[in-house]
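Structure record follows, encoded as structure tokens.
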Amino acid sequence: MFEAPVQKLIDELARLPGVGQKSAQRLAFHLLHVEETDARRLAEAIIEMRSTVRLCSRCFNITDQEECSICRDLRRDTTELCVVERAQDIVVVERTQEFIGRYHVLGGAISPIEGIGPDQLRMRELVARVDGEGIKEVIAATNPTVEGDTTAMYLARILKPLGVKVTRLASGLPVGGDLDYADEITLGRALAGRQEI
Ligand SMILES: [Zn+2]
């Protein structure tokens, strides 16, 4: 429909989450008309992010070093572990300023429909950490969805025999959505009112 180089960019943009064909076209034509240095800066930011960012060797948060800034922070309470589905959920919990422990990123939630079982998530790494890091409480901060609840129950089942307390965020979060649908006050309350499962 468009000249090949333009169509190629539209196709790539349209593959991004939340970007449909129409938005992709609008973005592509916007980039066609901005200063070349601006377009180049965007392209370089993508390349730089991909080449420097990696996963924290301890918690699988995003970092540009061996361990992320939270794991390296000596003021953090190492006896509390907040388990989240995705690295971006850490930012959401951090914004509440209610949690001073460390994190563990599972990489998703258990979903039989999508064929995601515990083996596809970073459960083994989690068990090793709970075993070896002197953790006393694990907070299941998975999304308030069926998958998130299933994952929280699974966490309780495998971690409680290790002698740790497993808690779940209190209700009051918008059901069915991602953690980041909640504002920080609601999430902060859910965190403060967490209950043992
Ligand atoms: Zn980390």
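The values are calculated or read from the model by the stated rules, or taken from the named source; none is laboratory data. Note that the structure is predicted; figures quoted are calculated from it, not measured. No Cβ is skipped: glycine too gets one built from the backbone with ideal geometry, and neighbour counts run over all protein chains shown.
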> Among the residues of the stretch 98-124, which ones are more than 23 Å from Glu196 (Cβ to Cβ) and of a type outside the set (Lys, Arg)?
Replying inline: Gly107, Gly108, Ser111, Pro112, Ile113, Glu114, Gly115, Ile116, Gly117, Asp119, Gln120
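Okay, residues lined up against (1) aliphatic (A, V, I, L, M); (2) farther than 16 Å from Leu179 by Cβ:
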site: Arg102; (1), (2): no, yes
site: Arg122; (1), (2): no, yes
site: Val130; (1), (2): yes, yes
site: Glu147; (1), (2): no, no
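Conditions tested, residue by residue: (1) under 21 Å from Arg189 (Cα atoms); (2) assigned to a helix (DSSP H, G or I); (3) within 16 Å of the ligand (Cβ to nearest atom).
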residue	(1), (2), (3)
Glu66	no, no, yes
Glu98	yes, no, no
Tyr103	yes, no, yes
Gly108	no, no, no
Glu125	no, yes, yes
Ala156	no, yes, no
> What number goes with the only condition from (1) in contact (Cβ under 8 Å) with a residue 12 or more places away in the chain; (2) within 16 Å of the ligand (Cβ to nearest atom); (3) loosely packed, with under 14 Cβ neighbours inside 10 Å that Arg76 does not pass?
Replying inline: (3)
>> Just checking, does the stretch 25-34 include any residue being within 16 Å of the ligand (Cβ to nearest atom) and part of a helix (DSSP H, G or I)?
In response: no
>> Of everything in the stretch 131-151, what is buried (at least 20 other Cβ atoms within 10 Å of the Cβ), at pLDDT 95 or above and outside any loop (DSSP other than H, G, I, E, B)? Give them in sequence order.
In response: Val138, Ile139, Ala140, Thr151
>> For the stretch 50-64, which positions are surrounded by 10 or more Cβ atoms within 10 Å (Cβ to Cβ) and more than 8 Å from the ligand (Cβ to nearest atom)?
In response: Thr52, Val53, Arg54, Leu55, Ile62, Asp64
> Quick check, is Leu162 surrounded by 15 or more Cβ atoms within 10 Å (Cβ to Cβ) and within 14 Å of Leu81 (Cβ to Cβ)?
Replying inline: no
>> Being within 14 Å of the ligand (Cβ to nearest atom) and among the β-branched types (Val, Ile, Thr) is the requirement here; does Ile47 meet it?
In response: no
> Give me the pairs: first residue in the stretch 36-47 and within 16 Å of Leu13 (Cα to Cα), second residue part of a helix (DSSP H, G or I), beta-carbon distance under 7 Å, and six or more apart or on different chains, which are they?
Replying inline: Ala39/Leu31
>> Going by what's in this entry, would Pro5 be described as surrounded by fewer than 11 Cβ atoms within 10 Å (Cβ to Cβ) and under 29 Å from the mean Cα position of the chain (by Cα)?
In response: no
> If a residue has to be in contact (Cβ under 8 Å) with a residue 60 or more places away in the chain and within 10 Å of the ligand (Cβ to nearest atom) to count, how many in the stretch 79-96 make the cut?
Replying inline: 0
> Ala28 passes all but one of (1) more than 30 Å from Pro144 (Cβ to Cβ); (2) under 25 Å from the mean Cα position of the chain (by Cα); (3) surrounded by 11 or more Cβ atoms within 10 Å (Cβ to Cβ); which number fails?
Replying inline: (2)
